Amino acid sequence: MTEFSMELNDDQKTLQEWVHGFAANVMRPAAHEWDEREETPWPIIEEAAKIGIYGLDFMANAFADKTGLSMMIALEELAWGDAGICMALMGTTLGVAAIMANGTPEQQMEWVPRCFGTPDDIKLAAFGVSEPDAGSDVSSLRTRAVYDEATDEWVLNGTKTWITNGGIADVHVIVASVAPELGSRGQASFIVPEGTKGIRMGQKFQKMGIRASHTAEVILEDCRVPGACLLGGKDKLDEKLARVREGKKASGQAAMATFEATRPAVGAQALGIARAAYEYSLEYAKERKQFGKAIIENQAIAFKLADMKMHIDAARLLVWRASWMAATRKPFLNGEGSMSKLYAGETAVKVTEEAIQILGGYGYVRDYPVERWHRDSKIYTIFEGTSEIQRLVISRAISGIRIQ
């Protein structure tokens, strides 16, 4: 019987040190520049690919950890370095997660490597769900996919919005409705390969935070993809739709399968931002003198830092629990995945706000990084399910009642 331990093993410690080194030496020094430029930080991605942090092998090894912790450890360190650059590095994993969640083994083998490319020929992937009129309400997607039997192609039309790597990705995974009358149960995921006609970037968004990560609209106009690009295959889709029409339970929603797999990972990123702000403000409070003593000697400041540390550690435990449950195939009976993302996201907002308060006026100016961390933190209560949606998931799970 394995003895219970919360200590990282040697491989996890080595990973943590390696990724932290990249975050400290490459990401942090470049963070302000790429935040100001609001552009994809290609030189950082190239450096990450060269040393093995951006690529299929890194992802495969991290996800192979049977405890589920390796990817969470890496994401915390990368977001500690800079959340925007972290998203630029990790946005591809959203598309990968969709392929892994919904694709056949053959599709996984073909497309996952093409999402990353090679260090000499870097590729990006994107996952498109949200639409101008369908954010939290995934069931109301208007993007349509119609099967053309004569050519064995699917024709996609619609607009996706808030898409990480949208329009610049080499592989887009698009969730579309194939049977609109069935709502979310009539949806499927499609791969749109590089060079496909009928897909283009719409508006690129200027954001409050994570500005080194590209976010844009994706517009699909009579975009034709081969039948083989339907994730899971047509036979499986037809069987699912037949079950739904007979009143039987469907096997799952294309979009939700991806979000369930990625929510703890989002929590890990929020955790990294919170830790960065806490560590910075702790050192500042020890050095900053007012009225003849360090400001940390005042309870008003010391208690803030104590609360910040407590909430960060609690968030990490929730993230690690959810990741361990996913890796060991324990069902999220009480919304544990949503708990991790909800608590870590709200912790990041609160901790970075307190960091600004501790630094005072210095916390409000761009010469110091805490204002950027605060701007970065807010999106973690919004994307991949708002805090309100996470509470809905949790409340439904613990009550068994479909709370509206």
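Every number in this text was worked out from the coordinates using simple rules, so none of it is lab data. Since the model is a prediction, treat every value here as computed from it, not as a measurement. Glycine gets a Cβ as well: all are built from the backbone with ideal geometry, and neighbour counts include every protein chain shown.
Structure notes:
- With Cα atoms, 0 to 90° folded angle of helix 336-359 axis to the chain main axis: 40 degrees
- The range 167-226 shape via C-alpha gyration tensor axes, a/c threshold 1.5: oblate
- Cβ crowding within 10 Å ranks D307, D10, D133 as D10, D133, D307, fewest other Cβ atoms first.
- Listed by chain and number, the aspartates and glutamates whose alpha-carbon sits under 16 Å from that of K330, ignoring those within fewer than 8 places in the same chain, are D65, E260.
- Cα gyration tensor shape for the range 10-122, rounded if a/c is under 1.5, else prolate or oblate: oblate
- Distance between the pseudo-spin-label points of K50 and R142 (7 Å out from Cα toward the beta carbon): 4.6 nm.
- Order by protection proxy (mean Cβ within 10 Å, highest first), peptides 67-79, 42-54, 186-198: 67-79, 186-198, 42-54
- Counting only residues at least eight positions apart within a chain, or on another chain, the lysines with an alpha carbon under 21 Å from that of K293 are K304.
- For a straight C-alpha distance cut-off of 29 angstrom, the lysines reachable from K204 (same-chain residues fewer than eight places away being disregarded) are K50, K123, K160, K341, K350, K378.
- Against the chain, whose longest principal axis comes from its Cα atoms, helix 105-116 is set at around 50 degrees.
- Taking Cα atoms only, the orientation of helix 42-51 departs from the longest principal axis of the chain by about 90 degrees.
- Using θ = phi - 60° in the Karplus curve 6.51 cos²θ - 1.76 cosθ + 1.60, the 3J(HN,Hα) couplings for the range 85-98 round to 5, 4, 5, 4, 6, 9, x, 4, 5, 5, x, 4, 4, 5 Hz; x is entered for Gly and Pro.
- Ranked packing of 324-332, 175-183, most packed first, by mean Cβ within 10 Å: 175-183, 324-332
- Spin-label pair K236/I403, simplified geometry with 7 Å Cα→Cβ offset, distance in nm: 3.3 nm
- Value of [θ]222 nm, deg cm²/dmol, for the chain, DSSP H segments ≥ 4, -39500 (n - 2.57) each, nearest 500: -16500 deg cm²/dmol
- Cα shape, the range 45-90, gyration tensor, a/c 1.5 rule: oblate
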